[in-house]
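A quick write-up on the structure given underneath.
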Amino acid sequence: MDNYDFHHLNHAKEQSKSKKTLWITLLLTLFFTLVEIVGGILSNSLALLSDSAHMISDVLALGLSMTAIYMATRNPNNRYTFGFLRFEIIASFINGLALAVIAIGIFIEGIKRIIQPRDVDLQLMLGIATIGLIVNIVLTIVLSRSTKEEENLNIKSALWHFLGDLFSSIGIIVSAILIHFTGWTMMDPIISIVIGGIIFTGGAKITRESYLILMESVPEKFDLDLIRQDIHQVDGVEDVHEMHLWAVTTNHFSL
């Protein structure tokens, strides 16, 4: 680490499992995004198109997450004494906001289509949604296993993206079956609005978590008053002044 001696933690993460997971997820997502865009346009399904818009955000989010993981491996220097770990949280915050914005866009388009319904190619819609379901089940399993092995808010935000996609695929399949049997094309925009709600919930959760870290709030697992009491019990300690406890990134705390 050059000639610097920091007398403290090496503020860097070597997350090989997270890197491998994100590369697999990114490549599969990119492929299926292209399939869904073409299928959504050809079938004229808003549910598919809204899901493909979400998938584009997944690709961008995963790209940000990859950048964050590579940044986190860089060692601290005289200027960045905590290294580049905080970039992981900035990336998660942007990802969360992106999810919320996409959800709002889906709500608006869904309402427009409820007012002016359009015909949908059910066979194509159902076929692509089924492929999407399989892809999303695989990716959700891969990401959930990774979060158990390595704590990373970026992987968590990616997992929320794909849980949204998983529910989207199920919703689109249900929508296609209901339209087939009832002829009620209104199901397509209604399902897309439900999908938007799921996406918005995930986005809000990730945004809140990353916002609290960026604001350097005391992590929920700690109680400052209890820590003060413990320090007071040390011989020679008269008082505790200016005590701050915050997270630099997930599970990386400073006092």
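The values are calculated or read from the model by the stated rules, or taken from the named source; none is laboratory data. Computed from a predicted structure; not experimentally measured. Ideal geometry is used to build each Cβ from the backbone, glycine not excepted, and the neighbour counts take in all protein chains shown. The area values use the complete protein model at the heavy-atom level, side chains included, leaving out ligands, DNA and RNA. Shrake-Rupley method; radii C 1.70, N 1.55, O 1.52, S 1.80 Å.
Brief remarks on what is shown
- Full-extension gain in nm, residue 221 to residue 186, via 0.36 nm per residue minus C-alpha separation: 8.0 nm
- For the chain, averaging the sequence separation of C-alpha pairs within contact (under 8 Å, six or more residues apart) and dividing by the residue count gives a relative contact order of 24 percent.
- The string of couplings for the stretch 61-70 from the Karplus curve (6.51, -1.76, 1.60, θ = phi - 60°) is 5, 5, x, 4, 5, 4, 4, 4, 5, 5 Hz, one whole number per residue in order, with x for Gly and Pro.
- Computed over protein heavy atoms with a 1.4 angstrom probe, the accessible surface ordering of 174, 135, largest first, is 174, 135.
- The chain - percent of accessible surface contributed by carbon and sulfur, probe 1.4 Å: 64 percent
- Note on residue 229 and residue 214: their simple-model spin labels are 3.5 nm apart, each label 7 Å out from Cα toward Cβ.
- Using a Förster distance of 35 Å, the FRET efficiency for residue 255-residue 204 (Cβ separation, nearest 0.05): 0.75
- For the set 22, 133, the ranking by accessible area, highest first and with no ligand, DNA or RNA atoms included, is 133, 22 under a 1.4 Å probe.
- Per-residue ellipticity at 222 nm, computed for the chain from helices alone with -39500 (n - 2.57) per DSSP H run of at least four residues, works out to -25000 deg cm²/dmol.
- Packing around the peptides 79-92, 116-129, 229-242, taken as the average count of other Cβ atoms within 10 Å per residue, puts them in this order, highest first: 79-92, 116-129, 229-242.
- Only Lys, Arg, Asp and Glu carry charge here, each on its Cβ (+1 for the first two, -1 for the last two); on that basis the chain has a dipole of about 860 debye about its Cα centre.
- Equivalent-ellipsoid semi-axes for the stretch 159-255 (Cα gyration tensor, √(5λ), whole Å, largest first): 51, 10, 9.
- For the chain, Kirkwood radius (reciprocal of mean inverse C-alpha pair distance, Å): 20.1 Å
- The residues of the chain have, on average, 52 Å² of accessible surface per residue, using a 1.4 Å probe with all protein chains present.
- Accessible area per residue (1.4 Å probe, heavy atoms of protein chains only) ranks 19, 221 as 221, 19, with the largest value leading.
- Multiplying the residue separation of residue 108 and residue 27 by 0.36 nm and subtracting their alpha-carbon distance yields 26.2 nm.
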